[in-house]
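Engineer: Pasting a structure here, questions to come.
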Amino acid sequence: MAGRRSDAERNREKILGAARGLDGSSLRLNEVAHEAGVGVGTVYRHFPTVHALQEALSEQTLLRLRDLARRAAGIPDAGEALAAFLGWALTLQLEDGGLKTVLVSPADEDPEVTAVKREILDSFGAVFDRARATGAVRPELTVGHLQNLVCGIEAAVRLGSPADRELLLDVLVSGVRPA
């Protein structure tokens with residue numbers, strides 16, 4: 001039995017390794033199986049859906065984002081806290097091409113992913129509320145608007161150049177401040 005468990009773990013790691021080498025926005029479980037050198041059934045046993053695989057691939061990034069959201073909540077200056085979190089979120093989305101898909105998904109495969117996402121949203125919500133209360137953010141903006149803007153900046157950097165990141169982030173941060 002122990003041999004099967006270690007074999008199953010090896011197969012899981014092969015699958016994850018193969019999936020990391022593919023375009024995260026267009027993963028196909030058949031292609032992952034081929035790249036990993038395992039049967040399609042093996043992939044489906046570990047990851048019954050593409051979304052389950054994307055969650056597993058983004059697990060560590062989600063945990064990093066949670067930790068950064070907590071860190072932002074501890075920054076005394078509300079505007080600085082908001083700007084820091086937006087920059088960190090953008091960086092992680094650029095590093096992990098599947099993170100956005102996991103973050104915006106209304107339904108998660110893994111209940112732990114749901115819990116981590118809830119904690120991220122709660123911490124970011126607290127940062128946002130504090131920024132709004134101190135006048136550091138335009139009153140008509142919502143957390144949802146900021147999430148969409150970060151996704152838009154991510155897409156703009158991917159379409160343009162990594163060198164565009166700082167400029168576009170500055171435009172975002174400047175644009176959320178009251179006129």
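Engineer: Kindly evaluate LEU86 against the criterion of being within 26 Å of ASP23 (Cα to Cα), of a type in the set (A, V, I, L, M), in contact (Cβ under 8 Å) with a residue 40 or more places away in the chain and open to solvent by 20 Å² or more (accessible area, probe 1.4 Å).
Structural biologist: no
Engineer: Out of GLU154, GLU166, which single residue is in a helix (DSSP H, G or I), of a type in the set (Asp, Glu) and in contact with a helix residue (DSSP H, G or I) (Cβ under 8 Å, 6 or more places away or on another chain)?
Structural biologist: From the options GLU154, GLU166, the qualifying one is GLU154.
Engineer: Further, regarding this structure: Name the single residue that is surrounded by the fewest Cβ atoms within 10 Å (Cβ to Cβ) among those in segment 89-104 being under 14 Å from ALA56 (Cα atoms) and of a type outside the set (Val, Ile, Thr).
Structural biologist: Checking each candidate, the answer is GLY97.
Engineer: What do you reckon, is GLU109 within 29 Å of ARG12 (Cα to Cα), open to solvent by 60 Å² or more (accessible area, probe 1.4 Å) and out of contact with any Cys (no Cβ under 9 Å at 6 or more places or on another chain)?
Structural biologist: yes
Engineer: Which ones in segment 25-35 are open to solvent by less than 20 Å² (accessible area, probe 1.4 Å) and modelled with pLDDT under 90?
Structural biologist: Selection gives LEU27 alone.
Engineer: Taking the condition of being closer than 14 Å to GLU80 by Cβ, in a loop (DSSP other than H, G, I, E, B) and among the β-branched types (Val, Ile, Thr), how many residues in segment 116-142 meet it?
Structural biologist: So the count comes out to 2.
Engineer: Moving on. Exactly one of these conditions fails for ALA52: (1) open to solvent by 10 Å² or more (accessible area, probe 1.4 Å); (2) modelled with pLDDT of 95 or more; (3) closer than 17 Å to GLU112 by Cα. Give me its number.
Structural biologist: The failed condition is (2).
Engineer: Further question on the same structure: Applying the selection to segment 152-167, what residues are among the hydrophobic types (A, V, I, L, M, F, W, C) and surrounded by fewer than 17 Cβ atoms within 10 Å (Cβ to Cβ)?
Structural biologist: ALA155, ALA156, LEU159, ALA163, LEU167
Engineer: Which pairs have Cβ atoms under 7 Å, sit 6 or more apart or on different chains, and link a residue in segment 13-42 that is within 15 Å of GLY97 (Cβ to Cβ) to one that is assigned to a helix (DSSP H, G or I) and open to solvent by 70 Å² or more (accessible area, probe 1.4 Å)?
Structural biologist: GLY21/GLU35; LEU22/GLU31; LEU22/GLU35
Engineer: Does segment 55-82 hold any residues that are in contact (Cβ under 8 Å) with a residue 40 or more places away in the chain, surrounded by fewer than 19 Cβ atoms within 10 Å (Cβ to Cβ) and touching a Leu at 6+ places or on another chain (Cβ under 7 Å), and which are they?
Structural biologist: Within segment 55-82, none qualify.
Engineer: Within 25 Å of PRO162 (Cα to Cα), of a type in the set (A, V, I, L, M, F, W, C) and open to solvent by 20 Å² or more (accessible area, probe 1.4 Å): does that describe VAL38?
Structural biologist: Considered against the rule, which asks whether it is within 25 Å of PRO162 (Cα to Cα), of a type in the set (A, V, I, L, M, F, W, C) and open to solvent by 20 Å² or more (accessible area, probe 1.4 Å), VAL38 comes out as no.
The values are calculated or read from the model by the stated rules, or taken from the named source; none is laboratory data. Treat the numbers as computed from the prediction; the structure is a model and nothing was measured. Note that each Cβ is placed from the backbone with ideal geometry, even for glycine, and that neighbours are counted across all protein chains shown. Only protein heavy atoms, including side chains, enter the accessible area calculation; ligands, DNA and RNA are left aside. Shrake-Rupley method; radii C 1.70, N 1.55, O 1.52, S 1.80 Å.
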